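Q: Below is a structure I'd like to ask you about.
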Amino acid sequence: GLSARLAVHPPEQPPYLATIDSESPLLAAVLTPPFFLTLAGQASTIALDMLIHNLHENGWSPPGVVGEVTLSEAFARRWSEATGEPFGVFMSQRIYQLRAVQLPVGIPGALRIATLGDAPLVADWLHAFSAEALSPITLKGARAMAQQRIANGEIFLWDDGAPVSMAGSARPSRRGICINAVYTPPAQRKRGYARACVAALSQLLLGRGYEFCMLYTDLNNPTSNAIYQAIGYEPVTDSAMYRFGTELHGRA
(Lines give C-alpha, C1' and ligand atoms only; values in the text may rest on other atoms or scores of the structure.)
Protein backbone atom coordinates (compact mmCIF):
# COMPACT_ATOMS: atom_id res chain seq x y z
CA GLY A 1 0.00 0.00 0.00
CA LEU A 2 2.74 2.47 0.92
CA SER A 3 4.80 1.68 -2.19
CA ALA A 4 1.72 2.10 -4.38
CA ARG A 5 1.00 5.49 -2.82
CA LEU A 6 4.56 6.66 -3.42
CA ALA A 7 4.34 5.59 -7.05
CA VAL A 8 1.07 7.41 -7.66
CA HIS A 9 1.71 10.46 -5.43
CA PRO A 10 5.50 10.92 -5.13
CA PRO A 11 6.52 13.30 -2.32
CA GLU A 12 8.41 16.52 -3.00
CA GLN A 13 11.57 15.05 -1.47
CA PRO A 14 12.52 11.63 -2.87
CA PRO A 15 12.02 8.97 -0.18
CA TYR A 16 14.63 6.66 1.25
CA LEU A 17 13.88 3.08 0.19
CA ALA A 18 16.01 0.09 1.17
CA THR A 19 15.88 -3.68 1.38
CA ILE A 20 18.40 -6.05 2.91
CA ASP A 21 18.42 -9.58 1.50
CA SER A 22 20.13 -12.85 2.31
CA GLU A 23 18.68 -15.43 -0.09
CA SER A 24 15.30 -14.04 1.02
CA PRO A 25 14.28 -10.52 2.15
CA LEU A 26 15.34 -9.77 5.74
CA LEU A 27 14.38 -6.14 6.16
CA ALA A 28 12.61 -3.35 4.27
CA ALA A 29 12.76 0.33 5.19
CA VAL A 30 10.90 3.42 3.94
CA LEU A 31 11.52 7.00 5.06
CA THR A 32 9.43 9.88 3.72
CA PRO A 33 10.33 13.08 5.62
CA PRO A 34 9.10 14.39 7.99
CA PHE A 35 7.63 11.03 9.02
CA PHE A 36 9.21 8.21 11.02
CA LEU A 37 11.25 5.45 9.39
CA THR A 38 8.91 2.53 8.66
CA LEU A 39 10.34 -0.98 9.02
CA ALA A 40 9.13 -4.47 8.12
CA GLY A 41 10.98 -7.75 8.43
CA GLN A 42 13.25 -9.44 10.95
CA ALA A 43 15.05 -7.92 13.93
CA SER A 44 18.42 -9.21 12.71
CA THR A 45 21.32 -7.34 14.33
CA ILE A 46 23.40 -7.66 11.15
CA ALA A 47 20.58 -6.34 8.97
CA LEU A 48 19.85 -3.45 11.34
CA ASP A 49 23.51 -2.46 11.49
CA MET A 50 23.73 -2.54 7.69
CA LEU A 51 20.65 -0.33 7.46
CA ILE A 52 22.02 2.16 10.00
CA HIS A 53 25.32 2.33 8.16
CA ASN A 54 23.52 2.95 4.86
CA LEU A 55 21.35 5.68 6.38
CA HIS A 56 24.44 7.46 7.71
CA GLU A 57 26.33 6.97 4.47
CA ASN A 58 23.52 8.65 2.52
CA GLY A 59 22.93 11.49 4.97
CA TRP A 60 19.59 10.36 6.42
CA SER A 61 18.63 10.98 10.06
CA PRO A 62 15.12 9.74 10.84
CA PRO A 63 13.18 11.47 13.63
CA GLY A 64 11.96 8.09 14.83
CA VAL A 65 11.01 4.58 13.81
CA VAL A 66 7.76 2.63 13.57
CA GLY A 67 7.18 -1.08 13.09
CA GLU A 68 6.39 -4.34 14.85
CA VAL A 69 7.25 -3.95 18.54
CA THR A 70 10.37 -6.15 18.68
CA LEU A 71 11.73 -4.82 15.38
CA SER A 72 11.22 -1.13 16.09
CA GLU A 73 12.68 -1.43 19.60
CA ALA A 74 15.74 -3.28 18.27
CA PHE A 75 16.35 -0.59 15.65
CA ALA A 76 15.88 2.21 18.19
CA ARG A 77 18.47 0.65 20.51
CA ARG A 78 21.00 0.08 17.72
CA TRP A 79 20.45 3.61 16.36
CA SER A 80 20.96 5.10 19.83
CA GLU A 81 24.15 3.11 20.33
CA ALA A 82 25.47 4.24 16.94
CA THR A 83 24.53 7.92 17.21
CA GLY A 84 24.32 8.69 20.92
CA GLU A 85 20.77 9.96 20.44
CA PRO A 86 18.36 9.08 23.26
CA PHE A 87 15.11 7.35 22.34
CA GLY A 88 11.74 6.74 23.92
CA VAL A 89 8.36 5.22 23.14
CA PHE A 90 6.29 7.79 21.28
CA MET A 91 3.15 5.70 20.84
CA SER A 92 2.06 2.09 21.29
CA GLN A 93 -0.28 0.94 18.56
CA ARG A 94 -2.41 -2.04 17.61
CA ILE A 95 -3.12 -3.07 14.03
CA TYR A 96 -6.63 -4.36 13.34
CA GLN A 97 -8.12 -6.14 10.34
CA LEU A 98 -11.75 -6.51 9.27
CA ARG A 99 -13.29 -8.87 6.71
CA ALA A 100 -16.99 -8.56 7.62
CA VAL A 101 -18.74 -5.52 9.09
CA GLN A 102 -21.15 -5.50 12.00
CA LEU A 103 -23.12 -2.39 11.12
CA PRO A 104 -24.41 -0.40 14.12
CA VAL A 105 -28.09 0.53 14.21
CA GLY A 106 -29.95 3.52 15.54
CA ILE A 107 -27.29 6.14 14.78
CA PRO A 108 -28.76 9.01 12.75
CA GLY A 109 -27.06 10.20 9.59
CA ALA A 110 -25.42 8.70 6.52
CA LEU A 111 -22.00 8.36 4.95
CA ARG A 112 -21.07 10.55 1.99
CA ILE A 113 -17.88 11.33 0.14
CA ALA A 114 -16.36 14.72 0.86
CA THR A 115 -16.42 17.32 -1.92
CA LEU A 116 -14.18 20.32 -2.49
CA GLY A 117 -16.86 22.43 -0.82
CA ASP A 118 -16.02 20.54 2.38
CA ALA A 119 -12.30 21.34 2.07
CA PRO A 120 -12.16 24.12 4.74
CA LEU A 121 -13.90 21.89 7.31
CA VAL A 122 -11.83 18.84 6.39
CA ALA A 123 -8.65 20.90 6.70
CA ASP A 124 -9.64 22.06 10.19
CA TRP A 125 -10.43 18.48 11.20
CA LEU A 126 -7.19 17.08 9.73
CA HIS A 127 -5.30 19.78 11.62
CA ALA A 128 -7.06 18.89 14.89
CA PHE A 129 -6.67 15.15 14.24
CA SER A 130 -2.92 15.50 13.67
CA ALA A 131 -2.52 17.33 16.99
CA GLU A 132 -4.46 14.65 18.89
CA ALA A 133 -2.43 11.93 17.15
CA LEU A 134 0.79 13.65 18.32
CA SER A 135 1.91 14.19 14.72
CA PRO A 136 0.94 17.84 14.27
CA ILE A 137 0.94 19.44 10.85
CA THR A 138 0.55 23.11 10.06
CA LEU A 139 -2.82 24.51 9.06
CA LYS A 140 -1.32 25.29 5.65
CA GLY A 141 -0.25 21.66 5.35
CA ALA A 142 -3.68 20.48 6.44
CA ARG A 143 -5.33 22.65 3.78
CA ALA A 144 -3.12 21.19 1.06
CA MET A 145 -3.74 17.67 2.38
CA ALA A 146 -7.51 18.23 2.43
CA GLN A 147 -7.54 19.44 -1.17
CA GLN A 148 -5.41 16.51 -2.35
CA ARG A 149 -7.21 13.78 -0.45
CA ILE A 150 -10.66 15.06 -1.41
CA ALA A 151 -9.56 15.22 -5.05
CA ASN A 152 -8.36 11.61 -4.72
CA GLY A 153 -11.74 10.52 -3.32
CA GLU A 154 -10.19 9.46 -0.01
CA ILE A 155 -12.16 11.49 2.55
CA PHE A 156 -15.62 10.53 3.78
CA LEU A 157 -18.00 12.28 6.16
CA TRP A 158 -20.82 11.09 8.37
CA ASP A 159 -23.57 13.63 7.80
CA ASP A 160 -26.42 14.13 10.27
CA GLY A 161 -27.87 17.31 8.83
CA ALA A 162 -24.26 18.56 8.77
CA PRO A 163 -20.89 16.76 8.87
CA VAL A 164 -20.29 15.31 12.34
CA SER A 165 -17.47 12.81 11.81
CA MET A 166 -14.74 11.97 9.29
CA ALA A 167 -12.72 8.98 8.11
CA GLY A 168 -10.33 8.42 5.24
CA SER A 169 -9.16 5.56 3.04
CA ALA A 170 -5.45 5.14 2.40
CA ARG A 171 -2.68 2.88 1.13
CA PRO A 172 -4.69 0.52 -1.08
CA SER A 173 -3.01 -2.74 -2.02
CA ARG A 174 -4.11 -5.59 -4.25
CA ARG A 175 -6.10 -7.23 -1.44
CA GLY A 176 -6.66 -4.65 1.29
CA ILE A 177 -6.94 -0.99 2.18
CA CYS A 178 -6.39 1.09 5.31
CA ILE A 179 -8.73 3.44 7.12
CA ASN A 180 -7.22 6.49 8.82
CA ALA A 181 -7.89 10.10 9.81
CA VAL A 182 -10.87 9.08 11.95
CA TYR A 183 -11.98 12.26 13.70
CA THR A 184 -15.08 13.56 15.45
CA PRO A 185 -15.06 17.09 16.88
CA PRO A 186 -15.41 17.17 20.69
CA ALA A 187 -18.95 18.59 20.63
CA GLN A 188 -20.18 15.58 18.61
CA ARG A 189 -18.49 12.78 20.52
CA LYS A 190 -20.12 9.97 22.50
CA ARG A 191 -23.04 9.77 20.03
CA GLY A 192 -21.82 6.82 17.95
CA TYR A 193 -20.93 8.92 14.91
CA ALA A 194 -17.34 7.66 14.56
CA ARG A 195 -18.46 4.04 14.90
CA ALA A 196 -21.14 4.54 12.25
CA CYS A 197 -18.74 6.39 9.95
CA VAL A 198 -15.98 3.77 10.12
CA ALA A 199 -18.44 0.88 9.80
CA ALA A 200 -20.13 2.38 6.73
CA LEU A 201 -16.80 3.23 5.10
CA SER A 202 -15.47 -0.27 5.79
CA GLN A 203 -18.58 -1.74 4.18
CA LEU A 204 -18.18 0.53 1.18
CA LEU A 205 -14.56 -0.48 0.68
CA LEU A 206 -15.29 -4.19 1.00
CA GLY A 207 -18.05 -3.66 -1.56
CA ARG A 208 -15.44 -2.30 -3.95
CA GLY A 209 -13.72 -5.69 -3.91
CA TYR A 210 -11.13 -5.41 -1.16
CA GLU A 211 -10.77 -8.56 0.92
CA PHE A 212 -10.09 -6.67 4.13
CA CYS A 213 -9.74 -3.26 5.74
CA MET A 214 -7.05 -2.37 8.26
CA LEU A 215 -6.50 0.40 10.75
CA TYR A 216 -4.10 1.44 13.50
CA THR A 217 -5.16 2.45 16.99
CA ASP A 218 -3.46 4.10 19.94
CA LEU A 219 -3.37 1.48 22.70
CA ASN A 220 -3.78 4.26 25.24
CA ASN A 221 -7.22 5.08 23.81
CA PRO A 222 -9.46 2.24 25.04
CA THR A 223 -12.55 3.95 23.60
CA SER A 224 -11.40 3.74 19.99
CA ASN A 225 -10.15 0.18 20.44
CA ALA A 226 -13.55 -0.89 21.79
CA ILE A 227 -15.42 0.94 19.00
CA TYR A 228 -13.50 -0.79 16.24
CA GLN A 229 -13.81 -4.24 17.78
CA ALA A 230 -17.57 -3.71 18.10
CA ILE A 231 -17.91 -3.33 14.32
CA GLY A 232 -15.81 -6.37 13.49
CA TYR A 233 -12.14 -5.33 13.58
CA GLU A 234 -9.86 -8.02 15.04
CA PRO A 235 -6.31 -7.51 16.42
CA VAL A 236 -3.48 -8.63 14.14
CA THR A 237 -0.31 -7.41 15.84
CA ASP A 238 1.07 -4.58 17.93
CA SER A 239 3.31 -1.83 16.64
CA ALA A 240 5.48 0.72 18.41
CA MET A 241 6.70 4.19 17.49
CA TYR A 242 10.03 5.30 18.96
CA ARG A 243 11.23 8.88 18.75
CA PHE A 244 14.86 9.99 18.74
CA GLY A 245 16.37 13.09 20.29
CA THR A 246 15.62 15.18 23.34
CA GLU A 247 11.90 15.86 22.67
CA LEU A 248 10.51 12.45 23.50
CA HIS A 249 6.98 13.39 24.56
CA GLY A 250 4.40 10.90 23.40
CA ARG A 251 2.05 8.22 24.64
CA ALA A 252 3.64 4.98 25.76
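The values are calculated or read from the model by the stated rules, or taken from the named source; none is laboratory data. Remember, it's a predicted structure, so these values are computed and weren't measured experimentally. Please note: Cβ atoms are built from the backbone with ideal geometry, for glycine as well, and neighbour counts cover all protein chains shown.
Q: Determine whether the range 182-204 contains at least one residue that is modelled with pLDDT of 95 or more and assigned to a strand (DSSP E or B).
A: Yes, that holds for at least one residue.
Q: Let me ask something else. Sort out for me the strands (runs of 3 or more DSSP E) sitting completely within the range 54-144 that have 2 or more residues that are modelled with pLDDT under 95 and polar (S, T, N, Q).
A: No strands (runs of 3 or more DSSP E) qualify here.
Q: State whether one or more residues within the range 240-250 are basic (Lys, Arg), crowded, with 19+ Cβ neighbours inside 10 Å and over 23 Å from ARG149 (Cβ atoms). Can you show your working first?
A: Taking the range 240-250 and keeping what is basic (Lys, Arg), we get 243.
Subset that is crowded, with 19+ Cβ neighbours inside 10 Å: 243.
This time we only want the ones that are over 23 Å from ARG149 (Cβ atoms), so: 243.
Within the range 240-250, one or more residues are basic (Lys, Arg), crowded, with 19+ Cβ neighbours inside 10 Å and over 23 Å from ARG149 (Cβ atoms).
For (1) crowded, with 16+ Cβ neighbours inside 10 Å; (2) in the same structural domain as ARG149 (by TED's automatic domain parsing); (3) of a type in the set (D, E, K, R); (4) under 30 Å from ARG149 (Cβ atoms), each residue gets a yes or a no:
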position	(1), (2), (3), (4)
VAL30	yes, no, no, yes
LEU37	yes, no, no, yes
GLN42	yes, no, no, no
THR45	no, no, no, no
GLU68	yes, no, yes, yes
MET91	yes, no, no, yes
LEU103	no, yes, no, yes
ARG112	no, yes, yes, yes
LEU116	no, yes, no, yes
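Q: Going by the conditions given, is ALA133 surrounded by fewer than 20 Cβ atoms within 10 Å (Cβ to Cβ) and either within 23 Å of THR217 (Cα to Cα) or polar (S, T, N, Q) (or both)?
A: On the way: surrounded by fewer than 20 Cβ atoms within 10 Å (Cβ to Cβ): yes; either within 23 Å of THR217 (Cα to Cα) or polar (S, T, N, Q) (or both): yes.
So ALA133 passes the test.
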